[in-house]
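> Pasting in a structure now, in structure tokens, and then I'll have a few things to ask.
The values are calculated or read from the model by the stated rules, or taken from the named source; none is laboratory data. Worth saying up front: this structure is predicted, and the values here are computed from it rather than measured. Here Cβ is always computed from backbone atoms with ideal geometry, including for glycine, and neighbour counts include all displayed protein chains. The protein model used for the area step is the full one, side chains on, heavy atoms only, and it has no ligands, DNA or RNA in it. Shrake-Rupley method; radii C 1.70, N 1.55, O 1.52, S 1.80 Å.
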Amino acid sequence: MTADTVGGVWTYSMELTRALPEVEFTLATMGRRPSAGQRDEVPPNVTLVESEYKLEWQDDPWADVDASGDWLLQLEEQTRPDVVHLNGFSHGALPFRAPKLVVAHSCVLSWWRAVKDEDAPPEWNTYQQRVQSGLEGAKVIAAPSAWMLGVLDEHYRMTTPRKLIYNGRSFVPDSGHAHRASVFAAGRLWDEAKNLGAVVAAAPSIDWPVRMAGDGGTAGENVSWLGWLEPTALARAYGESAIYLFPALYEPFGLSVLEAALSGCALILGDIPSLREIWHDAAVFVPPRDPFTIARTTNEIIGNDRFRHELGQRAQKRAREYSVARMAAGYRETYEDAA
């Protein structure tokens, strides 16, 4: 299995490998080396092999993508796996001996259209070609939402069989703290897809204090920036918050939303197809580019205790459907079918 250590793919990889203790994994990481804390997360059935090769969506990555491909082929020769599980696209074109599962967590072309409201510029043509070759070379493609599977057809041509496997999370809520009168948001402020800038813009008009966690932010009017939080502190932040505000422009699944829902937060989410698919009537949806409406909607929920409590209960009930056991069963079946 390949993974990067920067975002949700690492969390996903740890959840999945822990849930399949009968499977031996070689986990090949790229992007940057795992932190000491990440190494401590690795379960006993995983052999961690580290690298610092660039990822396919980074600037000028192709020499590194080719070099990491050679490295992965060598790893396959050494480990002789039954299945190669690729959490990226381009390496799906490599001549592995084992069948290849490519998982589409996100892609630049669909990100660009959702975030920039236009097609990606010509400098991403090589990316498109390499991703398409990887998708065509896979035995099966999986994705964490039906929406993500669908957008692949908008940008790439392939006949590879596809499978929907929703993500799962074994996140343990911190229930030792009563919900405070506060709004919480989490993510990288510089990530345009998460759209936390809209939270900052709406915050001065929100009746409750807004707390935000993640990389790249600073305090602002009615915003307390908590910085990056380790898992225990993050669980406490969810547990202390009545509302989770996430006006994303692009999010194929959204692990942070799942964590907030498991913690009983009422969800206010960007009105995008993937989040509607996953959360249905267990969230309130807002136009993500409209800070005025975001603030007004948040204040309406702040002012309606009964509805806010009901919304949190709906979110928690819905979140329990996205269990790690369900995700693991989907991948176990996919591994067996592929092999």
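> Near the amide H of residue 27, under 5 Å away, which other amide H atoms are found, from residues 5 or more places off or on another chain, if H is placed in the peptide plane?
47, 48, 49
> Can you list residues whose amide H is under 5 Å from residue 224's amide H, if they're 5+ apart or on another chain and H is modeled 1.01 Å from N?
Amide H neighbours of residue 224: 210, 211, 212.
> Order these peptides, 13-19, 108-114, by their mean beta-carbon neighbour count within 10 angstrom, highest first.
Working: 13-19: 21.1, 108-114: 19.1.
Per-residue mean Cβ counts within 10 Å order the peptides as 13-19, 108-114.
> Separate question: Which one, 23, 275, 87, is farthest towards the positive end of the dipole of the chain when Lys and Arg carry +1 and Asp and Glu -1 on their Cβ?
My answer, from the dipole projection, is 275.
> Moving to a separate point now. My understanding is that a pair violates if its Cα-Cα distance is over 20 Å; which of 116/139; 116/194; 54/116 do that in this structure? Intermediate results must be reported in sequence, preceding the final value.
On the way: 116/139 32 Å; 116/194 13 Å; 54/116 24 Å.
Flagged as over cut-off: 116/139; 54/116.
> So what is the relative contact order of the chain, in percent, for Cα pairs below 8 Å that sit 6 or more residues apart? Please report the intermediate quantities before stating the final value.
Numbers: 674 pairs, mean separation 49.2, N = 339.
Averaging sequence separation for qualifying contacts and normalising by length gives 15 percent for the chain.
> Quick check on region 176-261: take the gyration tensor over C-alpha atoms, sort the square-rooted eigenvalues as a ≥ b ≥ c, and tell me if it's rounded (a/c under 1.5), prolate or oblate.
Numbers: a/c = 1.43, a/b = 1.09, b/c = 1.31.
Rounded shape, in that the Cα axes give a/c under 1.5.
> Right, next: With the dipole of region 216-332 worked out from charges on the C-beta (+1 for Lys and Arg, -1 for Asp and Glu) around the Cα centre, which of 312, 261, 323 lies farthest toward the positive end?
323
> Could you order peptides 307-316, 34-43, 117-126 by the average number of other Cβ atoms within 10 Å of their residues, highest first?
Values: 307-316: 17.9, 34-43: 12.8, 117-126: 10.9.
In decreasing order of mean packing, 307-316, 34-43, 117-126 become 307-316, 34-43, 117-126.
> Using a 1.4 angstrom probe and counting only protein chains, how large is the accessible area of residue 318 in Å², to 10?
50
> Separate question: So how much slack lies between residue 129 and residue 277, counting 0.36 nm per residue of separation and subtracting their Cα-Cα distance, in nm? Don't skip to the end; give the middle numbers.
Details: separation 148, 0.36 × 148 = 53.28 nm, distance 2.89 nm.
Result for the pair: 50.4 nm of gain on full extension.
> I've got another one for you. Considering only protein heavy atoms, with the full assembly of protein chains and a 1.4 angstrom probe, order 332, 326 by accessible area, largest first. Intermediate values should be presented prior to the final figure.
On the way: 332 80, 326 115 Å².
My answer, sorted largest first, is 326, 332.
> Compute the angle between helix 146-155 and the longest alpha-carbon principal axis of the chain, please, reported from 0 to 90 degrees and rounded to the nearest 10.
Once rounded, one gets 60 degrees.
> Heavy-atom accessible area per residue, the chain, 1.4 Å probe: how many Å²? All intermediate terms of the calculation are to be shown ahead of the outcome.
Details: 14830 Å² over 339 residues.
On a per-residue basis, the chain sits at 44 Å².
> A further question on this structure: Across every pair of different alpha-carbon atoms, what Kirkwood hydrodynamic radius in Å does region 1-134 reach?
On the way: mean 1/r = 0.0643 Å⁻¹.
About 15.5 Å for region 1-134.
> Taking only Cα atoms, what is the 0 to 90° angle, nearest 10, from helix 62-79's long axis to the longest principal axis of the chain?
70
> Let me ask you something else. Can you tell me the 0 to 90 degree angle between the C-alpha axis of helix 125-137 and the longest principal axis of the chain, rounded to 10?
With rounding to tens, the tilt is 70 degrees.
> Of the accessible area of the chain, with the probe set at 1.4 angstrom, what percent is carbon plus sulfur? Write out the running numbers ahead of the final one.
On the way: 7230 of 14830 Å².
Looking at the chain in its full context, I get 49 percent from C and S.
> Read phi for every residue in region 190-206 and hand back ³J(HN,Hα) as whole Hz from Karplus 6.51 cos²θ - 1.76 cosθ + 1.60, θ = phi - 60°, with x for Gly and Pro.
3J(HN,Hα) across region 190-206, in whole Hz: 6, 7, 4, 5, 5, 6, 6, x, 5, 5, 4, 5, 7, 3, x, 9, 8.
> ³J(HN,Hα) across region 307-312 via Karplus (A = 6.51, B = -1.76, C = 1.60, θ = phi - 60°), whole Hz, x for Gly/Pro?
Rounded to whole hertz, the list is 5, 4, 5, 4, 5, x.
> Please work out how much length the chain gains when fully extended from residue 228 to residue 325, using 0.36 nm per residue of separation minus the C-alpha to C-alpha distance, in nm with one decimal. Spell out each step's value before the answer.
Values: separation 97, 0.36 × 97 = 34.92 nm, distance 2.84 nm.
Net length gain for the segment: 32.1 nm.
> Where does each of 4, 337 land when they are ordered by accessible area, with a 1.4 Å probe and the largest first?
Details: 4 20, 337 110 Å².
Output order, biggest surface exposure first: 337, 4.
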